[in-house]
Amino acid sequence: MATALVIENDPTDDARRLGEWLTEAGLELSVVRPHAGEALPADLDGYAALVVLGGDQQAYPRPDGAPGASWFPAVEGLLRKAVRHRVPTLAVCLGAQLLATAHAGTVERSPSGPEAGPAVVGRRDAAGADPLFRFVPLIPDVLQWHADEITELPVGAILLAASTRYPHQAFRLGDRAWGLQFHIECDTAMIAEWAADSALLAELGYDPRLVVSACDAVMADVEEVWQPFAARFAALALGELDDDSGSRRSLPLLGH
């Protein structure tokens with residue numbers, strides 16, 4: 001069975017539903033938790049895919065020049081190797097920001113303020129030729145939870161989805177590495193954990209209970225779009241996705 005390396009940067013943001021979708025699609029997951037002291041591999045030999053999850057840290061250096069977390073330089077190194085060697089890669093929220101900074105993109109505290117709760121993003125024209133995004137609807141439901149943003153994409157990155165306040169919502173580097181600023185892995189329990197005593201929600205003046213309820217109300221819609229997306233990513237890692245058509249007969253499409 002093909003194995004995906006999953007990097008968990010924060011104990012409150014595990015693979016959750018995304019992990020379930022990937023394993024249902026045939027991938028085995030090898031989860032490494034550097035936040036708990038587990039060592040990252042030096043390279044991606046033996047792995048069919050790389051998944052980098054989110055977290056509460058910053059992708060950019062601290063005021064003293066130290067990285068946002070001690071293991072981030074190693075994560076960025078793996079992301080560069082993944083793009084260079086065409087290892088299918090999916091990077092979510094903080095992971096997407098690290099994919100950007102690993103390739104000379106820019107991440108900053110957003111001048112637009114935090115973004116939290118259910119939202120939609122708009123698919124860009126380039127998504128029509130993308131092997132994963134071509135079947136994503138024009139305005140898909142997503143879950144947002146971030147205060148930083150990618151203000152400058154790496155050179156050569158293809159913008160796949162955008163929103164008014166945060167223009168870089170999804171992008172691809174090379175032909176097999178995707179970054180998603182939004183979350184697709186969360187379930188309601190994860191959102192409830194984030195919302196409890198959340199400084200981000202306090203900054204926005206949002207009622208945590210209403211945010212959790214609103215997120216719960218769109219969970220089925222998020223799954224309808226992003227479970228098939230995850231299945232296509234797994235198929236790519238397994239060598240079962242036709243790069244020309246972006247699909248195969250047995251892959252699920254929207255609503256199936």
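The values are calculated or read from the model by the stated rules, or taken from the named source; none is laboratory data. Keep in mind that this is a model prediction, so the values were computed, not measured. When we count neighbours, we look across all protein chains shown, and the Cβ atoms used for this are built from the backbone with ideal geometry, even at glycine. Quick note on the areas: whole protein, heavy atoms, side chains included, nothing else; ligands and nucleic acids left out. Shrake-Rupley method; radii C 1.70, N 1.55, O 1.52, S 1.80 Å.
The one condition from (1) within 18 Å of the chain's Cα centre (by Cα); (2) open to solvent by less than 20 Å² (accessible area, probe 1.4 Å) that residue 44 does not meet is (1).
Out of all the residues in the range 188-199, which are outside any loop (DSSP other than H, G, I, E, B), of a type outside the set (Asp, Glu), at pLDDT 95 or above and more than 11 Å from residue 143 (Cβ to Cβ)? Break it down into steps so the answer makes sense when it comes.
At the first step, the residues of the range 188-199 found to be outside any loop (DSSP other than H, G, I, E, B) are 188-195, 199.
From what is left, the residues that are of a type outside the set (Asp, Glu) are 188-192, 194-195, 199.
Next cut, at pLDDT 95 or above only: 188-192, 194-195.
Within the range 188-199, 189, 192, 195 meet the criteria.
Within the range 134-151, the set of residues being free of Cβ contacts under 8 Å to residues at least 60 places away in the same chain, over 22 Å from residue 102 (Cβ atoms) and open to solvent by 40 Å² or more (accessible area, probe 1.4 Å) comprises 138, 139.
For every residue, the table says whether it meets (1) touching an Asp or Glu at 6+ places or on another chain (Cβ under 8 Å); (2) modelled with pLDDT under 95; (3) closer than 25 Å to residue 10 by Cα.
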{"residue": "80", "(1), (2), (3)": "no, no, yes"}
{"residue": "109", "(1), (2), (3)": "yes, no, yes"}
{"residue": "136", "(1), (2), (3)": "no, no, no"}
{"residue": "172", "(1), (2), (3)": "yes, no, yes"}
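Just the residues that are more than 28 Å from residue 110 (Cβ to Cβ) and either touching a Gly at 6+ places or on another chain (Cβ under 7 Å) or of a type outside the set (Gly, Ala, Ser) (or both), please, taken from the range 41-86.
Kept after step one, since they are more than 28 Å from residue 110 (Cβ to Cβ), are these residues of the range 41-86: 41-49, 81, 84-86.
The answer is 41, 43, 44, 45, 47, 81, 84, 85, 86.
Residues being acidic (Asp, Glu), touching a residue at least 40 places away in the same chain (Cβ under 8 Å) and surrounded by 16 or more Cβ atoms within 10 Å (Cβ to Cβ) are entirely absent from the range 68-80.
Exactly one residue among 131, 111, 88, 154 is buried (at least 23 other Cβ atoms within 10 Å of the Cβ) and either touching a strand residue (DSSP E or B) at 6+ places or on another chain (Cβ under 9 Å) or under 24 Å from residue 227 (Cβ atoms) (or both), and that residue is 88.
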